[in-house]
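These notes concern the structure reproduced below.
Derivation of every value follows stated rules applied to the coordinates shown; laboratory data play no part. From a predicted model like this one, the values you see are computed outputs, not experimental measurements. All Cβ positions, even for glycine, are placed from backbone atoms using ideal geometry, and neighbour counts span all protein chains on display.
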Amino acid sequence: MKAIVCTKYGPPDVLQLEEVAKPTPRDNEILVKVHATTVSAGDVRMRSFTVPFWEWLPARIYLGLRKPKRAILGMQLAGEIEAVGKDVKLFKKCDQVFASCGLDFGAHAEYKCLPEVGVVEIKPANMTYGEAAAVPTGGIGALHVLRKGNIQNGQKVIIYGASGSVGTFAVQLAKHFGAEVTGVCSTTNLELVKSLGADKVVDYAKEDFTKSGELYDCIFDAVGKVSKSKCKKALTPNGTFVSIHKVTYKESAEDLIFLKELIEAGKIKSVIDRRYPLEQIAEAHRYVEKGHKMGNVVITLENSNKT
Ligand SMILES: NC(=O)c1ccc[n+]([C@@H]2O[C@H](COP(=O)([O-])OP(=O)(O)OC[C@H]3O[C@@H](n4cnc5c(N)ncnc54)[C@H](OP(=O)(O)O)[C@@H]3O)[C@@H](O)[C@H]2O)c1
């Protein structure tokens, strides 16, 4: 099968299209023919090995000393099940699924094996493969951070970095939880963030929300670009600051079911900035690396006409 192999840590050119062995599902695994995947901030960080210096050694030991142990990147996917192991009960051949591969990576390939009890579910009926592939990691991340912030109906929430993958889901989910939502983004993305349901938008290039005098019950940093200490003066006395970079959580299939039900009810959607074919994945990395993608960057696989 075709796969994008990360031959060493470095710039996007280290990514090579190679022919590698097609995986065979174990007894408890499904084999997914990947129709769409994404290039996420996590893929870029893994390829370029961008970690704080104090995490350098433990991260190299965990991820691979000279090159990534998991040579095929890609943290999420949507596709069709081509085969199932003999013990698989939850899925069958031809099921259309979406999934997070998490830190196992491996979605930047024509096929990927996943445990049937992994973070995998039947794809939302009203989404294309490309739209569905963009949901798991950003959607689950936003969900867990909002839960950590303990958002209550009617509370004032501000999403800092409302136009990224995590941010676009966070705006929609916070609205679903009944919050009054303010989204912080650049001028270019004001209309997008409003269209996702934000009650107010703040242009970070023109206004510092911490100096406006407005107080929030929850400040959610969705891109790791604002500090807790700076935000303190914009919080109500019992207000909370939560950050995608500080919350630890375990992704689950239940999270995907939760998101899928909201998607099928028309409450949330994925935002897609650009689409690239698998062969142009280095270009996609260059774009995502700039740090200004709007929502998600989708990779479409050859022979897929439904992305
Ligand atoms: N994506 C996931 O699935 C996922 C899951 C878990 C954790 N994370 C982590 O969460 C972080 C965010 O990831 P992401 O994929 O959502 O987005 P990202 O690619 O890291 O960031 C892109 C967005 O950040 C906005 N941005 C850049 N500088 C900003 C600033 N100074 N103030 C406000 N917004 C700014 C950009 O909007 P402008 O162009 O308008 O500046 C753009 O829309 C990453 O560190 C990632 O590793 C991501």
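When the Cα positions of Ala134, Ala71, Val120 are compared along the charge dipole of the chain, Ala71 comes out farthest toward the positive end, with charges on each C-beta of Lys, Arg, Asp and Glu.
Inter-part distance, the range 133-190 to the range 1-53, computed on C-alpha centroids, equals 28 Å.
Looking at the square roots a ≥ b ≥ c of the eigenvalues of the Cα gyration tensor of the range 134-246, which shape do they give, rounded for a/c under 1.5, prolate if a/b is larger than b/c, or oblate? Rounded is the answer for the range 134-246, as its axis ratio a/c remains below 1.5.
The angle between the Cα long axis of helix 165-176 and the main principal axis of the chain comes to about 60°, on a 0 to 90 degree scale.
Principal axis extents of the Cα atoms in the range 42-95, from largest to smallest and rounded to whole angstrom, are 45, 20, 16. Take the convex hull of the alpha carbons in the chain; its mean projected area over all directions comes to 15.7 nm².
Given their separation in residues at 0.36 nm each and the Cα-Cα distance between them, Leu57 and Thr248 gain 66.7 nm when the chain is fully extended.
Say the dipole of the range 16-126 comes from +1 at the beta carbon of Lys and Arg and -1 at that of Asp and Glu; which of Gln96, Tyr111, Gly42 then lies farthest toward its positive end? Result: Gly42, furthest along the dipole toward the positive end.
Enter the angle in degrees (range 0 to 90, nearest 10) between the Cα long axis of helix 253-264 and the first principal axis of the Cα atoms of the chain, meaning the one along which they spread out most. Relative to the chain, helix 253-264 is tipped by roughly 70 degrees.
The angle separating the long axis of helix 136-148 from the principal Cα axis of greatest extent in the chain is about 40 degrees. Seen through its C-alpha gyration tensor, with square-root eigenvalues sorted a ≥ b ≥ c, the range 1-160 comes out oblate because a/c lies at 1.5 or above while a/b is not bigger than b/c.
Based on C-alpha pairs under 8 angstrom that are at least 6 apart in sequence, the range 149-307 has a relative contact order of 22 percent. Extension gain for Ser48-Asn153 works out to 33.7 nm (0.36 nm per residue, less the C-alpha to C-alpha distance). Length available on full extension from Lys69 to Ser186: 0.36 nm per residue minus the Cα-Cα distance, which gives 38.4 nm. Its Cα centre serving as origin, the chain has a Cβ charge dipole (Lys and Arg +1, Asp and Glu -1) of approximately 720 debye.
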